[in-house]
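Student: Let me begin by handing over the structure; questions about it come next.
The values are calculated or read from the model by the stated rules, or taken from the named source; none is laboratory data. This one's a predicted model, so the numbers in the text were calculated from it and none came from an experiment. Don't worry about glycine lacking a Cβ; one is built from the backbone with ideal geometry, like all the others, and counts go over all protein chains shown.
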Amino acid sequence: MTYQQALDYIHSTCWKGSRPGLERTIELTGRLGRPQDSLKFIHVAGTNGKGSTSAMLASILQKAGYKVGLYTSPFILRFNERMRINGQDIPDAELAEITKAVKPHAEAMADTPTEFELITAIALCYFARNACDYVVFEVGMGGRLDSTNIIDAKTVVASVITGIAMDHTAFLGDTPEKIAYEKAGIIKAGVPVIYGGNHPPVGEILPSPEALSCGAVIRKKAAEMAAPYVETDHTKLANIRSDLFGADFDFGGYENIHISLAGLYQPHNAANVLTVVDLLRTRGLTIPEEAIREGLASVKWPARFEVLSKSPLIIADGGHNPEGIDAAIASVKAYFKDEKILLLTGVMADKDYTHMVGRMTEVAERVFCVRPANDRALDPVAYAEAFRKMGIPAEGYATVAEGVKAAVKVAAAEGKALLCLGSLYMYGEVRAAVLGEVVS
């Protein structure tokens with residue numbers, strides 16, 4: 001099996017669809033010898049922030065001298081990003097080899113796995129065969145019935161829930177508390193759980209009532225599982241200095257910490273990470289402060305208020321649900337004050353885009369709507385009309401490349417900043433188109 005054949009097989013229509021449940025992944029990994037049993041996991045769930053949090057944790061553990069696997073989704077530029085060891089994507093040849101080995105077991109199942117379940121099994125085989133010390137294991141959707149949740153209490157060192165917001169409501173529930181219940185499903189008997197979603201929304205002083213009620217749901221589940229419950233104390237964040245190229249801050253006993261990730265929300269993610277690290281130390285992991293500082297300073301995670309070009313200034317952010325959009329808009333207001341910016345955006349039709357449009361009009365002078373490469377993408381013409389109804393000039397473009405070309409031309413001519421905001425499914429196209437337009 002070649003690399004391309006492996007990708008074609010993984011993305012085959014026979015695996016399509018989202019069917020929450022653990023039984024298929026349990027059966028598939030059982031046929032493969034339960035590779036998860038030889039590993040140790042930090043399990044990370046949450047609506048927003050779990051990708052950045054996972055990347056920071058993996059970077060710190062690597063700097064501490066551990067061999068660290070990192071499982072995330074979706075991929076940004078290349079499929080191999082979904083499973084990494086010490087910052088390196090799975091090699092093409094190894095992905096093909098493992099997929100070939102998994103294939104007959106998946107096809108022998110009466111109830112065949114979904115694509116995500118298949119990928120999860122491949123990743124577990126990859127981490128096990130390379131004898132990772134720890135795996136930072138990001139949940140795909142929800143938690144309780146997510147295929148990553150086949151790992152058990154003997155192998156989980158800590159469970160992390162970054163925060164709760166309204167997303168995937170058709171699968172997870174129509175209230176924050178119902179969604180919190182699903183996320184809390186990753187909590188294992190006796191295994192500590194850290195909840196980091198109790199911080200105030202960006203620009204606010206107090207946590208939202210929803211964040212507090214979600215914390216209560218998670219705390220209750222932790223008590224039922226006799227799992228130590230820890231909340232990140234975001235009031236310990238102090239002296240935050242944030243710009244487009246990262247942030248410096250103090251947190252508790254840590255002073256002058258630097259992170260290379262921009263966005264006003266990243267210091268809160270880092271505070272959650274530091275809380276997790278302190279807990280991991282009590283669980284027997286050796287993590288020197290130097291490793292913490294180096295890990296946070298060197299971590300890279302694309303599409304999180306990422307500067308793609310300085311002239312013209314072009315930023316990409318993968319905010320794709322109401323909370324993610326709110327955080328991105330708060331960052332725009334902090335960095336650009338009262339200056340209006342250009343906006344290029346594309347979202348999925350099943351998102352609450354009406355709320356998103358309302359927030360984006362607060363900072364947008366002109367909007368370029370595009371269609372991400374996904375069957376669920378919202379029609380860009382209809383999307384543009386939603387902005388025009390709010391009094392903001394907007395045009396719809398059939399492809400990301402066309403929208404980027406038009407937007408970059410205006411940004412260069414008018415000296416305006418351009419924010420590319422929306423679905424992570426469009427990031428690869430945006431990046432390629434932006435860099436091509438800027439270079440040319």
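Student: Any residue at all in region 280-292 that's of a type in the set (Ser, Thr, Tyr), free of Cβ contacts under 8 Å to residues at least 12 places away in the same chain, within 22 Å of residue 133 (Cα to Cα) and assigned by TED's automatic domain parsing to the domain that holds residue 153?
Tutor: Within region 280-292, one or more residues are of a type in the set (Ser, Thr, Tyr), free of Cβ contacts under 8 Å to residues at least 12 places away in the same chain, within 22 Å of residue 133 (Cα to Cα) and assigned by TED's automatic domain parsing to the domain that holds residue 153.
Student: Applying the selection to region 105-126, what residues are assigned to a helix (DSSP H, G or I) and over 18 Å from residue 35 (Cα atoms)?
Tutor: Within region 105-126, 107, 115 qualify.
Student: Quick check: anything in region 79-88 modelled with pLDDT of 95 or more, of a type in the set (Val, Ile, Thr), in the same structural domain as residue 149 (by TED's automatic domain parsing) and surrounded by 24 or more Cβ atoms within 10 Å (Cβ to Cβ)?
Tutor: no
Student: Anything in region 217-237 that is surrounded by fewer than 13 Cβ atoms within 10 Å (Cβ to Cβ) and either closer than 23 Å to residue 43 by Cβ or modelled with pLDDT of 95 or more (or both)? List them, or say none.
Tutor: Selection gives 223, 224, 226.
Student: Let me ask something else about it. What are the pairs, 6+ residues apart or on separate chains, where a residue within region 37-48 that is in contact (Cβ under 8 Å) with a residue 12 or more places away in the chain and assigned by TED's automatic domain parsing to the domain that holds residue 70 has its Cβ under 9 Å from a residue that is acidic (Asp, Glu) and in a loop (DSSP other than H, G, I, E, B)?
Tutor: These pairs meet every condition: 37/152; 39/133; 40/133; 45/146; 47/167; 48/167.
Student: Next up: Residues of region 265-281 being of a type in the set (Ser, Thr, Tyr) and either in contact with a Lys or Arg (Cβ under 8 Å, 6 or more places away or on another chain) or at pLDDT 95 or above (or both), which ones?
Tutor: The one that is of a type in the set (Ser, Thr, Tyr) and either in contact with a Lys or Arg (Cβ under 8 Å, 6 or more places away or on another chain) or at pLDDT 95 or above (or both): 275.
Student: Looking at 315, 325 in this structure, which one is touching a residue at least 24 places away in the same chain (Cβ under 8 Å), closer than 20 Å to residue 361 by Cβ and touching a Cys at 6+ places or on another chain (Cβ under 9 Å)?
Tutor: Within the list 315, 325, the selection yields 315.
Student: If residue 73 satisfies every condition in (1) polar (S, T, N, Q); (2) at pLDDT below 95; (3) surrounded by fewer than 18 Cβ atoms within 10 Å (Cβ to Cβ) but one, which is the exception?
Tutor: (3)
Student: Would you confirm, using the coordinates I've provided, whether residue 18 is assigned by TED's automatic domain parsing to the domain that holds residue 107, in contact with a Leu (Cβ under 9 Å, 6 or more places away or on another chain) and either modelled with pLDDT under 95 or under 19 Å from residue 163 (Cα atoms) (or both)?
Tutor: no
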